[in-house]
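FYI, it's all coordinate maths here, none of it is from the lab. What you are looking at is a predicted structure, and each value in this text was computed from that prediction instead of being measured. Cβ: placed from backbone, ideal geometry, glycine included. Neighbour counts: every protein chain shown.
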Amino acid sequence: MFSFRLDYLLEALPVMGWGMLGVFLVTGILIAAVALLNKGTSEP
């Protein structure tokens, strides 16, 4: 029914790594954009 194939896991790891890098990169860009907008529109 379910068999664990280590070679498939090792083949998929780089793809998952690039995906996680993309997630963190986009999150960082969004955080920087929100911080920039908050700084530019803050009340004196």
What is the spread of the Cα atoms of the chain along each of their three principal axes, largest first, in whole Å? 64, 20, 7
Please work out the FRET efficiency for the pair residue 37 and residue 16, using the Cβ-Cβ distance as r and a Förster radius of 30 Å; give the result to the nearest 0.05. 0.40
